[in-house]
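As structure tokens, the structure follows; a few thoughts come after it.
The values are calculated or read from the model by the stated rules, or taken from the named source; none is laboratory data. Treat the numbers as computed from the prediction; the structure is a model and nothing was measured. Note: ideal-geometry Cβ built from the backbone for every residue, glycine included; neighbour counts use all protein chains shown. When the accessible area is computed, the model is the full protein with side chains, heavy atoms only, and any ligands, DNA or RNA have been set aside. Shrake-Rupley method; radii C 1.70, N 1.55, O 1.52, S 1.80 Å.
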Amino acid sequence: MKAMEDQVVQEEPGYQDDEESFFQDIDLLQKHGINVADIKKLKAVGICTIKGIQMTTRRALSNVKGLSEAKVDKIKEAANKLVEPGFLTAFEYSEKRKMVFHISTGSQEFDKLLGGGIESMAITEAFGEFRTGKTQLSHTLCVTAQLPGPNGYTGGKIIFIDTENTLYLFDFLFWNGVLLFSEHGLHKEKSLTLTHASRPDRLRDIADRFNVDHEAVLDNVLYARAYTSEHQMELLDYVAAKFHEEAGIFKLLVQDFCMLTVLRISVPVFFHYIYLPSMITMQIIDSIMALFRVDFSGRGELAERQQKLAQMLSRLQKISEEYNVAVFVTNQMTADPGATMTFQADPKKPIGGHILAHASTTRISLRKGRGELRIAKIYDSPEMPENEATFAITAGGIGDAKE
């Protein structure tokens, strides 16, 4: 066991250096005539990097309190001096893509289906009926995202945004000792550190399977309960600030449509059996659509709902690319009344419409099998062919199906 621990603790210096230089801090704008007060205003709305400025429209920047159109033009001009907004060759882009990592689902067959696991710099969506394993997959990712993996991946911390009260671990949320969330809702102080644990048994069972310390696993999961779709959007500003504050730590964002969010961190933490870094690696949102279905009802509000949803998904995609994190979202299903008219075999479909379908990089359809078996199918992917994999829901989370 000691030999195994020594092997896992071994440093990957090249990988760490690449992560630290992945983005440019927004404070570099000071060298180009942008004052500190304006930089603080940008950070307050979750814009903390030069790339983040490029990803934000002039109109959106002008809506930041205290920024005039003249200031916005000056900020944009300074950002373009630091990062050339031009083209890359296909070879240069392929080199950049080498920083992409994968987080294991806990099942080798499931990982093989996805080409290695949940991918960073992308949004992975899993949808299905109740009891198909969406939340169990999210919980398993909360542990596997902390474990070292292939190609120098060191593991890290997780951010879990819960819209359906599925994790049920934390009663209060703190950041640097300041209360941010409680059962009474959002507190205006910006903070992101958690207390735990009202019922952490599920993650403890999964931690036992991988021989890692319970308390260390729980300490590496940052949890927030979203109560409205607006609150859910506000949390993404806190997430972006947290990613910037602990650069290279967050790796996964999980959101259960409700959506789970997990990101990546990299401070070493020693566990009872093996080493786990404390870098935030994933964000989980569970689930991403649940609050939108509540806040916007009827066809009269459908257009507004889809517009807000598109803005959230765009924000998630930018965060995943800006900080090289994996975003995992779960989605609900709805009945399709028109399906019977076209003689479709399955009259149910994932909610969110074309907006969510186009925003998700990889879409996974989950359905029930016999007993604890579940079937995952590639519904849409830019790389992986349409295929299926069978996995099982076990006491230790998602695992391979036994013959």
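What about Arg202, is it out of contact with any Asp or Glu (no Cβ under 9 Å at 6 or more places or on another chain), open to solvent by 30 Å² or more (accessible area, probe 1.4 Å) and at pLDDT 75 or above? For Arg202, the condition - out of contact with any Asp or Glu (no Cβ under 9 Å at 6 or more places or on another chain), open to solvent by 30 Å² or more (accessible area, probe 1.4 Å) and at pLDDT 75 or above - is met.
State all residues of region 130-147 that are of a type outside the set (A, V, I, L, M), modelled with pLDDT of 90 or more and outside any helix (DSSP H, G or I); if no residue qualifies, say none. Can you show your working first?
Step one: filter region 130-147 for residues of a type outside the set (A, V, I, L, M), giving 130-136, 138-140, 142, 144, 146.
So of that shortlist, the ones also modelled with pLDDT of 90 or more come out as 132-134, 136, 138-140, 142, 144, 146.
Listed by number, the residues that qualify are Thr132, Gly133, Gln146.
None of Lys43, Lys76 is under 22 Å from the mean Cα position of the chain (by Cα), more than 18 Å from Glu321 (Cβ to Cβ) and not assigned by the TED database to the domain that holds Leu316 except Lys43. Taking Tyr323 as the residue in question, decide whether it is open to solvent by 50 Å² or more (accessible area, probe 1.4 Å), at pLDDT 80 or above and within 30 Å of Lys96 (Cβ to Cβ). So Tyr323 fails the test.
Summed over region 354-378, the residues that are open to solvent by 90 Å² or more (accessible area, probe 1.4 Å), without any contact (Cβ under 8 Å) to a residue 24 or more places away in the chain and either under 25 Å from Arg202 (Cα atoms) or part of a strand (DSSP E or B) (or both) give a count of 2.
The helices (runs of 4 or more DSSP H) found wholly in region 21-100 and carrying at least 3 residues that are open to solvent by 70 Å² or more (accessible area, probe 1.4 Å) and at negative phi occupy 69-82, 90-96.
Contact annotation: residue pairs with Cβ atoms under 9 Å, 6 or more positions apart or on different chains, pairing a residue in region 288-315 that is closer than 15 Å to Val327 by Cα with a partner that is β-branched (Val, Ile, Thr) and at pLDDT below 70, are Met312/Ile288; Leu313/Ile288.
A residue that is touching a Phe, Trp or Tyr at 6+ places or on another chain (Cβ under 6 Å), at pLDDT below 95 and not assigned by the TED database to the domain that holds Asn35 can be found somewhere in region 83-102. For the condition modelled with pLDDT under 90, open to solvent by 10 Å² or more (accessible area, probe 1.4 Å) and within 22 Å of Glu245 (Cβ to Cβ), Asn176 qualifies.
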